[in-house]
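The values are calculated or read from the model by the stated rules, or taken from the named source; none is laboratory data. For clarity, every value in this text was computed on a predicted model and none was experimentally measured. Virtual Cβ from ideal backbone geometry, glycine too; neighbours counted across all protein chains shown. Side chains included, ligands, DNA and RNA excluded: accessible areas come from the protein's heavy atoms. Shrake-Rupley method; radii C 1.70, N 1.55, O 1.52, S 1.80 Å.
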Amino acid sequence: MAPPRRRDQKPASRGTRSSELAAARKAVAEVSRRLASSGMVPATAGNVSVRAGDLVAITPTGASLAELTAKQVSVVDFEGRLVAGDLEPSSELGLHLGIYREYAAGAVVHTHAPACTAVASVRDELPCIHYSMLGFGGAVPVAPYATYGSAELAANVVAALAGRSATLMASHGAVTFGPTLAKAYEAMELLEWASDLYLRTLPLGEPRVLTAEQTEAVVLTSRQRQYGTTKRVPKRRA
Ligand SMILES: [Zn+2]
């Protein structure tokens, strides 16, 4: 049996195989480039991370997302110490690590997507105006403002994510997490779409919000129909 690890000792990364780590760095680079071409992030504003065993691969700070390579992706342990890569990790590293420590997240995406940020600059919550928002838990709270990169901001975001896999950040942007980087990215696309939808409704009046009964019916139907997964049609006999 291995001796218990003290908090001030570097965690052993035996649990993370080099192939797993290489795949994680590749995924971070790919999704960062995808984010850059999506129009959801201006310039270098956005970062993503993925968990690989007891390590986290994360976008480096100040890097051009449009040209990010796997080699440029930083790898840190759960204490935030750099274990691979030459570049300093994202200034929101504390926020990413805070989410991994608190929730069963496999990946985290943070952006300054325009519709998300517009809602987060005015409202305290994005109401549940569309059934697909139940994918991240319904209405999306807005985490209180704190300076970027601060421990206070990380704590505000982690608290706002209770019972949700998405949150907006007051006068800043948005965060989503998921079991994989692809799922966390999809959640961010959905959050930006829902925020845009909400903004489109406002000139027409306050939009209808799903009732508890409607919400329950959606959850039940999704469970029965396995919403969001493809389904193979049974082959017909010739
Ligand atoms: Zn930010």
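Could you list, in sequence order, all residues of the range 186-200 that are open to solvent by less than 30 Å² (accessible area, probe 1.4 Å) and either farther than 12 Å from residue 140 by Cβ or touching a Phe, Trp or Tyr at 6+ places or on another chain (Cβ under 6 Å) (or both)?
If the condition is that a residue be open to solvent by less than 30 Å² (accessible area, probe 1.4 Å) and either farther than 12 Å from residue 140 by Cβ or touching a Phe, Trp or Tyr at 6+ places or on another chain (Cβ under 6 Å) (or both), then 187 is the only one that fits.
Here is a yes/no grid of residues against (1) in contact (Cβ under 8 Å) with a residue 12 or more places away in the chain; (2) over 15 Å from residue 99 (Cβ atoms):
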{"position": "136", "(1), (2)": "yes, no"}
{"position": "141", "(1), (2)": "yes, no"}
{"position": "155", "(1), (2)": "yes, no"}
{"position": "159", "(1), (2)": "yes, no"}
{"position": "175", "(1), (2)": "yes, no"}
{"position": "186", "(1), (2)": "no, yes"}
{"position": "201", "(1), (2)": "yes, yes"}
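Quick grid of which residues meet (1) more than 14 Å from the ligand (Cβ to nearest atom); (2) assigned to a helix (DSSP H, G or I); (3) over 16 Å from residue 154 (Cα atoms); (4) among the hydrophobic types (A, V, I, L, M, F, W, C):
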| site | (1), (2), (3), (4) |
| --- | --- |
| 57 | yes, no, yes, yes |
| 62 | no, no, yes, no |
| 66 | yes, yes, yes, yes |
| 80 | yes, no, no, no |
| 91 | no, no, no, no |
| 94 | no, yes, no, no |
| 97 | yes, yes, no, yes |
| 104 | yes, no, yes, yes |
| 108 | no, no, no, yes |
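Yes or no: residue 21 within 15 Å of the ligand (Cβ to nearest atom), assigned to a helix (DSSP H, G or I) and of a type outside the set (S, T, N, Q)? Steps first, answer last, please.
Details: within 15 Å of the ligand (Cβ to nearest atom): no; assigned to a helix (DSSP H, G or I): yes; of a type outside the set (S, T, N, Q): yes.
It is false that residue 21 is within 15 Å of the ligand (Cβ to nearest atom), assigned to a helix (DSSP H, G or I) and of a type outside the set (S, T, N, Q).
Going by what's in this entry, would residue 89 be described as of a type outside the set (Gly, Ala, Ser), over 18 Å from the mean Cα position of the chain (by Cα) and open to solvent by less than 40 Å² (accessible area, probe 1.4 Å)? Outline the logic, then answer.
Values: of a type outside the set (Gly, Ala, Ser): yes; over 18 Å from the mean Cα position of the chain (by Cα): no; open to solvent by less than 40 Å² (accessible area, probe 1.4 Å): yes.
Here the answer is no, as residue 89 does not meet what is asked.
In a loop (DSSP other than H, G, I, E, B) and more than 16 Å from the ligand (Cβ to nearest atom): is that true of residue 30 in this structure?
Numbers: in a loop (DSSP other than H, G, I, E, B): no; more than 16 Å from the ligand (Cβ to nearest atom): yes.
Against the criterion (in a loop (DSSP other than H, G, I, E, B) and more than 16 Å from the ligand (Cβ to nearest atom)), residue 30 does not qualify.
Can you tell me which residue is nearest to the ligand (Cβ to nearest atom) among those in the range 141-188 that are under 19 Å from residue 126 (Cα atoms) and aromatic (Phe, Trp, Tyr)?
145
Which ones in the range 92-120 are touching a helix residue (DSSP H, G or I) at 6+ places or on another chain (Cβ under 7 Å) and either open to solvent by 10 Å² or more (accessible area, probe 1.4 Å) or under 30 Å from residue 220 (Cβ atoms) (or both)?
94, 98, 99, 102, 105, 107, 108, 109, 115, 116, 118, 119
Can you tell me which residue in the range 33-55 is nearest to residue 86 (Cα to Cα), limited to those that are open to solvent by 60 Å² or more (accessible area, probe 1.4 Å) and in a loop (DSSP other than H, G, I, E, B)?
Here the residue is 44.
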